[in-house]
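Input: one structure, supplied below.
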Amino acid sequence: MSSEHEHRQLGGYKATLHNPNASTEAKAHAAEILEENGIDVNDQSTEKHHDGHAHSGNHQAHDGHAHKNDQLSEHEHRVLGGYKAALHNPNVSEEAKQHAKEVLGQTEDKDDEHEHRVLGGYKAALHNPNVSADAKEHAKEVLKEHHADAA
């Protein structure tokens, strides 16, 4: 999800809090989402910036600098990247790798499907006239390492 998209989603939740037609349940849900993303729902201060848009005191104008939500999104992205890296790190225990898979929502099926597609790409390279001899040799080695038929 792009940070611009996330920023707009959070703006929608913030608008829900001030919408007189929104139900109490919708407002409670919006407040919960905003708090999970580090936005103080009790802070009612907004300022008008030179772009004409209202921003809470936690944000800067659209000047290319990171907004609070962008920083959270970047942090979450880095955390998920750490879990993904753990899956491929030989020094990480199987138990920790299983936890990382659970956090990332991956199952063995997804891993198998990915490996199947990668090996399929190597097999296709063997028959592609635009692939160099060195690359074809590398593809044969990878397929041999994975006990895949190079036919």
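The values are calculated or read from the model by the stated rules, or taken from the named source; none is laboratory data. It should be emphasised that the depicted structure is a prediction, and the values quoted were computed from it without experimental measurement. Ideal geometry is used to build each Cβ from the backbone, glycine not excepted, and the neighbour counts take in all protein chains shown. The accessibility values were calculated without ligands, DNA or RNA, using every heavy atom of the protein model including side chains. Shrake-Rupley method; radii C 1.70, N 1.55, O 1.52, S 1.80 Å.
Which sequence of His114, His7 reflects their accessible areas, 1.4 Å probe, from the largest down? Can you show the working numbers first?
Details: His114 120, His7 45 Å².
Per-residue accessible area, sorted high to low, gives His114, His7.
Calculated FRET efficiency, Ala26 and Val79, Cβ-Cβ r, R0 22 Å, to nearest 0.05?
0.15
Here is a follow-up. Between His18 and Ser132, what length in nm is gained on full extension when 0.36 nm per residue of separation is reduced by their alpha carbon distance?
Here the answer is 34.9 nm.
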